[in-house]
C-alpha cells in the first residue's frame, strides 16, 4: 500500500506551517475591541469598522480554535479564548429569558432568535474552554446543557428543534427541523462527553446520528437530507433564502462532515455499532462520486435531488471536511481509495484555496475556481481550515482537542 501522507514528516511539517499561518492571519486582526470578531478582507483587514454584526457561531468557533492553540502552546491564544468567552457570556447570553441570541452589534441583539445551531457551538466552545481551564467554562457548559435539554431537545425523535423567538415562542410556526444544527450538536455533544465524562452527552449524540444518518441518509442512498418537517419526514422541496445555512437540495460537504463525525462517534462508543462504519464509507464515496467536480476540481456546493449540481460555486469548507473524513477512514479502515482522495483534495486546497499572496484561505470560488464573494464577504472563519490542517496530525481516537491532550 502507498505510504500515507499523514505519516510523512515533510507533509506533517507542511500541515503545521499551514495551521500556524491561519492562526497568524486571524489573530492579528479579527478581534473587535467592542466584542466579537471581525470578518476580514482578503488582505486581512477588518471589514466595515463602522459596526459589524457578530453571529454567535464565529465567537464560539474562535474560542474552540484558539483553545486548540493554547493546548499546543501558541502564545496569545488564551487572550482570544478570553475575548470569545466574554462575548458569549456577557453579550450573546440572554439574562432575562435564558439562552443565547444569534447575533449582536454594539452590545445589543440584531437577531435575537434562539437557534439550535448557535447553541450547539456554545456547547462546543465551553467544552474546549474547559480543557484549558477557563473560569467561565463550567458555568457555560452547565447553562448550555440545560437550555439544550429543556428548550431544544425532543425525546421522541431524539434530536433538537431548530429555533425559537427571543421569549421561546415557536418561530415561524415551529414546523421546520434541520440536520445542520443537529450535526454540529453531535460534534459538540461528543466534545462535552470527552470534557466531562458524562455519558448522557454521548447517548444524545448517538440518538441524533441514528435519526439523521442511520435512518434518513440510509433511506436515500447515503445522501444527507438537509431539511425535514416537524415529524422528521424529508422535505425535498424546502426553500429558504439563507443559502449559507439552509440551501435547497443536498450539500455534499455535510456528507463528508458526517463521515468523520460518525467514525468519531463509533470510536467513542467502543466500536459497537458496525452500521456507523458502513455509513462513513457510503457517505464519503457518494460525496466523491456525485459532489466532486471532475473538470475543475472542488466540491459543488449543492446538488438537486436528481444528483445534478445546483449551486456550483466551490467553498473551502467541504474540501476541509473531506480531508478530516479521509484521515479518519485511513486510520480506522485503511484502503488506497481514502489516501487517493486525501491527496486529491489537498492538491486542490493548496493550489486554489490557500491564499499565498495575502495569507489565510479563500472561502469561496466560482465553478471554474476563481475568487468569488457571493455568499462570504471575505475571510471570516478559521474553524474548518484549521481542523483540516490539524486533524491528520493525530490518531482518530476522538475529537481533535482530546487527541491533542492525549498525545505526548
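Of note:
- If you go through region 224-243 and keep only what is in contact with a helix residue (DSSP H, G or I) (Cβ under 6 Å, 6 or more places away or on another chain) and assigned to a loop (DSSP other than H, G, I, E, B), you end up with 224, 226.
- Check on residue 133, surrounded by fewer than 17 Cβ atoms within 10 Å (Cβ to Cβ), outside any helix (DSSP H, G or I), without any contact (Cβ under 8 Å) to a residue 24 or more places away in the chain and on the phi > 0 side of the Ramachandran plot: yes
- Region 267-281, residues that are over 12 Å from residue 326 (Cα atoms), without any contact (Cβ under 8 Å) to a residue 60 or more places away in the chain and within 21 Å of the chain's Cα centre (by Cα): 277
- Within region 165-201, the set of residues being in a helix (DSSP H, G or I), over 18 Å from the mean Cα position of the chain (by Cα), modelled with pLDDT of 95 or more and more than 17 Å from residue 140 (Cβ to Cβ) comprises 199, 200.
- Matching residues in region 246-281 - criterion: being part of a helix (DSSP H, G or I) and in contact with a strand residue (DSSP E or B) (Cβ under 9 Å, 6 or more places away or on another chain): 252, 253, 256
- Residue within region 286-293 that is farther than 24 Å from residue 39 by Cα, touching a residue at least 60 places away in the same chain (Cβ under 8 Å), buried (at least 22 other Cβ atoms within 10 Å of the Cβ) and in contact with a helix residue (DSSP H, G or I) (Cβ under 7 Å, 6 or more places away or on another chain) present: yes
- Criterion: closer than 20 Å to residue 46 by Cα and crowded, with 24+ Cβ neighbours inside 10 Å - qualifying residue of 379, 314: 379
- Number of residues in region 395-408 that are without any contact (Cβ under 8 Å) to a residue 24 or more places away in the chain and either within 18 Å of the chain's Cα centre (by Cα) or surrounded by 19 or more Cβ atoms within 10 Å (Cβ to Cβ) (or both): the value is 1.
- Matching residues, region 58-77, being part of a helix (DSSP H, G or I) and farther than 15 Å from residue 26 by Cβ: 71
- Any hit, region 97-106, residues being farther than 24 Å from residue 381 by Cα, free of Cβ contacts under 8 Å to residues at least 40 places away in the same chain and surrounded by fewer than 16 Cβ atoms within 10 Å (Cβ to Cβ): no
- Residue match in region 227-250 (condition: within 20 Å of the chain's Cα centre (by Cα) and within 25 Å of residue 331 (Cβ to Cβ)): no
- The sole residue among 80, 110 that is surrounded by fewer than 16 Cβ atoms within 10 Å (Cβ to Cβ) and over 25 Å from residue 197 (Cα atoms) is 110.
- Residues in region 1-18 that are exposed (fewer than 15 other Cβ atoms within 10 Å of the Cβ), in contact (Cβ under 8 Å) with a residue 40 or more places away in the chain and not in a helix (DSSP H, G or I): 1, 2.
The values are calculated or read from the model by the stated rules, or taken from the named source; none is laboratory data. Predicted model only: the values in this text are computed from it and were never measured. Every residue, glycine among them, receives a Cβ derived from its backbone with ideal geometry; neighbour counts consider all protein chains shown.
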